[in-house]
1. Considering only residues of segment 6-22 that are of a type in the set (D, E, K, R) and either closer than 25 Å to Val97 by Cα or in contact with a strand residue (DSSP E or B) (Cβ under 8 Å, 6 or more places away or on another chain) (or both), which is modelled with the lowest pLDDT?
2. Could you check Lys88 against (1) under 18 Å from Asp135 (Cβ atoms); (2) touching a Phe, Trp or Tyr at 6+ places or on another chain (Cβ under 9 Å); (3) surrounded by fewer than 17 Cβ atoms within 10 Å (Cβ to Cβ) and say which number it fails?
3. Suppose we filter Lys33, Lys68, Lys52 for residues that are free of Cβ contacts under 8 Å to residues at least 12 places away in the same chain and open to solvent by 40 Å² or more (accessible area, probe 1.4 Å); which single one remains?
Amino acid sequence: MENFRRIRTTDEEDGTCLPFKDLSPDVVQMKVKEGSKIRNLIGYAVAHMGCKGGGQIIFSAHGRAVTKAVTCVEILKRQIGGLHQITKLQYKTLQEVWEQKGPGVQNPAPCLTVQKNLPSICILLSKLPLDPQEDGYQPPQSIAHAEVGKREFVDHENHFISKKSKPQDSTEVNG
């Protein structure tokens, strides 16, 4: 492919409906891209979910952005406890058009068209209960709201676990 350059990429499934039923009218769809900043996505999502009407949000991504979407969802679930989740996996077809490059092209070949099937994910988060019989449903986490955000530090030498702060250096002298 070193003698070709990509001139166009089209998404054959642009504008298709979301794979969820019974969505609220104020649902927000976050389209996560490979270059999206997690802090920006989380900031907007937290602000939306904190509003009176903000009860549902959808994170969607394809290709290399799938892991970023999953990371955003897990962070959001920890920050705002009690969220129901439905996850749908599918494939998205992209069509790329390539042409020959270089000034010395004698007999230009017709453009190459390549179809790529990329993994795609759509994750619905909702404050309202969702259908537990739906494929991909996950109930809210059972972590107490007060425990959210606390970290455990483990001192492997002394087998000590602290839930509030990092263990201090103990310099006790046994005498």
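1. Residues of segment 6-22 that are of a type in the set (D, E, K, R), as a first pass: 6, 8, 11-14, 21-22.
Adding the requirement that they be either closer than 25 Å to Val97 by Cα or in contact with a strand residue (DSSP E or B) (Cβ under 8 Å, 6 or more places away or on another chain) (or both) leaves 6, 8, 11-14.
Values: Arg6: 86, Arg8: 83, Asp11: 78, Glu12: 66, Glu13: 63, Asp14: 57.
The extreme case among them is Asp14.
2. Here Lys88 clears every test but (3).
3. After ruling out the rest, the residue left standing is Lys52.
The values are calculated or read from the model by the stated rules, or taken from the named source; none is laboratory data. This structure is a prediction, so every number in the text was calculated from the model and none was measured. Here Cβ is always computed from backbone atoms with ideal geometry, including for glycine, and neighbour counts include all displayed protein chains. Accessible surface areas use protein heavy atoms only, side chains included; no ligands, DNA or RNA. Shrake-Rupley method; radii C 1.70, N 1.55, O 1.52, S 1.80 Å.
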